[in-house]
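Notes for the one structure printed next.
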Amino acid sequence: MIFIFIIPQNYDFKNKFLGFLDYSTLILLTIIYVLTFLVLHILSLSFYSKILVFIVVNVPITLICIIGYNHENIIYVFYYIIKFYKNKTIYFYRKKFFDY
């Protein structure tokens with residue numbers, strides 16, 4: 001028995017590293033790791049302390065990137081947050097309950 005699977009035309013193939021991490025997110029994580037490493041390299045801490053600080057700083061960021069926010073790319077989430085804080089305006093509308 002042969003099963004034939006037909007891929008719908010509107011299905012979007014997204015290239016991912018190891019099947020669960022977008023390449024743009026992988027580049028962002030690599031940049032964060034390198035910056036953290038450079039900052040820790042400058043500080044005069046013991047090797048154990050550097051490893052501990054590296055893990056404490058980078059594991060939450062990595063978990064947020066892997067788990068995601070409603071399966072949205074983390075770069076887009078940061079973009080939307082920055083855009084919101086840049087253009088933060090609140091509109092109040094007066095609602096008339098009684099007509100005089």
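The values are calculated or read from the model by the stated rules, or taken from the named source; none is laboratory data. Because the structure is predicted, anything quoted here is derived from the model rather than measured. Note: ideal-geometry Cβ built from the backbone for every residue, glycine included; neighbour counts use all protein chains shown. The area values use the complete protein model at the heavy-atom level, side chains included, leaving out ligands, DNA and RNA. Shrake-Rupley method; radii C 1.70, N 1.55, O 1.52, S 1.80 Å.
Basic (K, R) and either closer than 30 Å to N15 by Cα or open to solvent by 100 Å² or more (accessible area, probe 1.4 Å) (or both) - does that describe any residue in the stretch 47-60? Outline the logic, then answer.
Filtering the stretch 47-60 down to residues basic (K, R) leaves 50.
Right, trim to either closer than 30 Å to N15 by Cα or open to solvent by 100 Å² or more (accessible area, probe 1.4 Å) (or both) and you get none.
Scanning the stretch 47-60, I find no residue that is basic (K, R) and either closer than 30 Å to N15 by Cα or open to solvent by 100 Å² or more (accessible area, probe 1.4 Å) (or both), so the answer is no.
Candidates in the stretch 24-41 are the residues that are surrounded by 11 or more Cβ atoms within 10 Å (Cβ to Cβ) and polar (S, T, N, Q); of these, the one that is farthest from N73 (Cα to Cα) is T36. Entry remark, the stretch 26-65: residues being under 18 Å from K16 (Cα atoms), free of Cβ contacts under 8 Å to residues at least 40 places away in the same chain and not β-branched (V, I, T) number 3 in total.
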